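The values are calculated or read from the model by the stated rules, or taken from the named source; none is laboratory data. Quick caveat, the model's predicted, so the values are computed rather than measured. FYI the Cβ positions are ideal-geometry reconstructions off the backbone, even for glycines, and counts take in every protein chain you see. The protein model used for the area step is the full one, side chains on, heavy atoms only, and it has no ligands, DNA or RNA in it. Shrake-Rupley method; radii C 1.70, N 1.55, O 1.52, S 1.80 Å.
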Protein chains: 2
Amino acid sequence: MASTESQQKPARSRRGTGSYDERRIKLAESALQTLGELGYARTSLREIAANSEFSHGVVHYYFRDKTELIVFCVKHYKTQCMHRYDSVVEESTTAENLLTGFADKLVQTLTEESSMHRLWYDLRSQSMFQEVLREDVYDIDRGLEDMIWRVVSQYADLAGNRPLVESRAAYTMFDGIFESALRDHIAGRAGAVEWIRKQIATLIPALCSQPVETESA
Amino acid sequence: MASTESQQKPARSRRGTGSYDERRIKLAESALQTLGELGYARTSLREIAANSEFSHGVVHYYFRDKTELIVFCVKHYKTQCMHRYDSVVEESTTAENLLTGFADKLVQTLTEESSMHRLWYDLRSQSMFQEVLREDVYDIDRGLEDMIWRVVSQYADLAGNRPLVESRAAYTMFDGIFESALRDHIAGRAGAVEWIRKQIATLIPALCSQPVETESA
DNA sequence: AATTGGTCTTGACAGGTGTCAAGAATGAAT
DNA sequence: ATTCATTCTTGACACCTGTCAAGACCAATT
């Protein structure tokens, strides 16, 4: 009666280390490893638990069901992932600087976090079949779009130009390029890193070749 | 001993109608409906059989296992799908003609065959986790790339220009745009058709803005 | 020391999965 | 009419799945 509708879990733990939320995240990060290895469909809760410090039943203590766990995992990863690009935008002082910094981060993501990213693409594909996933996938997608747009518009600013295309189109192009390079990299086909570097170096300037009109009197 | 290594199935049927290969295709096309509805992972062989004129055991008569069936299905569909774009390229006599014809076909694919295409994207994502799928997915992808390239280079020819980017980059951009529009369309978000029309109308001319250099003496 | 209540494990349940063997059904060939 | 290979169905198998209830465990409180 007196309590709020949403019953809160206590912030402090009795067992284990860290708070409820911290262990929730710990479980999610452990699950991310397995998910990145096996993919959405072929990962079972028992497999997740086996690769963690927990048992298979604990998942339903921290998450309603498998779907909620996986969505939480991907959201958690993507949130971290996007922030890593913010620093590149902020710390770049010249257009060239931004270009190479952005390309470096993309290459780093491609090579060091390929498993996490194929999981993201897996989830996004699944969202075309499972309606419950769509809203979360949409949110992540818009977050990534905004991130790319910050890069592109910042580049345009530094180069004294303005972007030729709108935010959405710019994102889908980069995304297509990244996904293609990711498949090459995962399949062990050579040249993926060089290819994406070249694509970025070509595409970004091309998208910003429009000079700013001087609105003078 | 006297027979060849690869034992051939007879070309004529005893039961049913059509040849062995024809009924193989019939089963595959029936499976495609279910696969397009449920996706790779959530489609069971029993579900496929239930939506067909066969029983669930017959799958292993025509296909070694589930994977072979699904790969065959997607390959079968994609082969048909790609050929439909060839006529557009051949029958277009002007650049504008080609542009609208191509856009029309894309919109038609987007709206009328969204289920088939989400299946393709599903399979492609799965190929990042399952090595057995990679070769077939790669082949399909290259086939699509060639198809797109035929459109782009034909447009450039008709417009008296030459493409700015190479085949691979052009394909990944279109693919990114199409996939994004497909997600919008499937999720019921408005404007997907208009958006992709505009993107095509913008991107193709932009990719072919380079005038042909006259190689004179 | 006893109690409490959050945390986690265990084990079971009901249902679904791909696969395959055994044989029924079918129609052509003899 | 009998034989025969092909085609398809049936039923079973071993295994895996998400879920959840029952209770064990344990730190903090009294």
query: When the residues of the stretch A:68-95 are filtered to those that are surrounded by fewer than 18 Cβ atoms within 10 Å (Cβ to Cβ) and farther than 20 Å from A:Gly143 by Cβ, which remaining residue is nearest to DNA strand C (Cβ to nearest atom)?
result: A:Glu91
task: Run B:Val107 past the list (1) out of contact with any His (no Cβ under 8 Å at 6 or more places or on another chain); (2) under 23 Å from B:Ala28 (Cα atoms); (3) surrounded by 17 or more Cβ atoms within 10 Å (Cβ to Cβ) and report the number of the one that doesn't hold.
output: (2)
query: Counting just the residues of the stretch A:55-66 that are open to solvent by less than 50 Å² (accessible area, probe 1.4 Å) and within 16 Å of A:Glu22 (Cβ to Cβ), which one comes out farthest from DNA strand C (Cβ to nearest atom)?
result: A:Phe63
message: All but one of (1) over 20 Å from A:Val88 (Cβ atoms); (2) within 7 Å of chain B (Cβ to nearest Cβ); (3) of a type in the set (D, E, K, R) hold for A:Asp184; state the number of the condition that does not hold.
response: (2)
- prompt: Only one of B:Ile177, B:Ile148, B:Ile140 is in contact with a helix residue (DSSP H, G or I) (Cβ under 7 Å, 6 or more places away or on another chain), touching a residue at least 24 places away in the same chain (Cβ under 8 Å) and either facing chain A (nearest Cβ under 8 Å) or basic (Lys, Arg) (or both); which?
  reply: B:Ile177
- request: Quick one: in the stretch A:26-48, of everything that is within 12 Å of DNA strand D (Cβ to nearest atom) and open to solvent by 10 Å² or more (accessible area, probe 1.4 Å), which residue is farthest from the other protein chains (Cβ to nearest Cβ)?
  value: A:Arg46
query: Got at least one residue in the stretch A:112-125 being within 19 Å of A:Leu207 (Cα to Cα) and either more than 14 Å from every other protein chain (Cβ to nearest Cβ) or within 15 Å of the chain's Cα centre (by Cα) (or both)?
result: no
field: Residue under evaluation B:Glu135, criteria (1) in contact (Cβ under 8 Å) with a residue 60 or more places away in the chain; (2) closer than 29 Å to A:His185 by Cβ; (3) open to solvent by 20 Å² or more (accessible area, probe 1.4 Å), criterion not met
entry: (1)
query: With respect to A:Leu158, is the statement that it is part of a helix (DSSP H, G or I) and crowded, with 18+ Cβ neighbours inside 10 Å true?
result: no
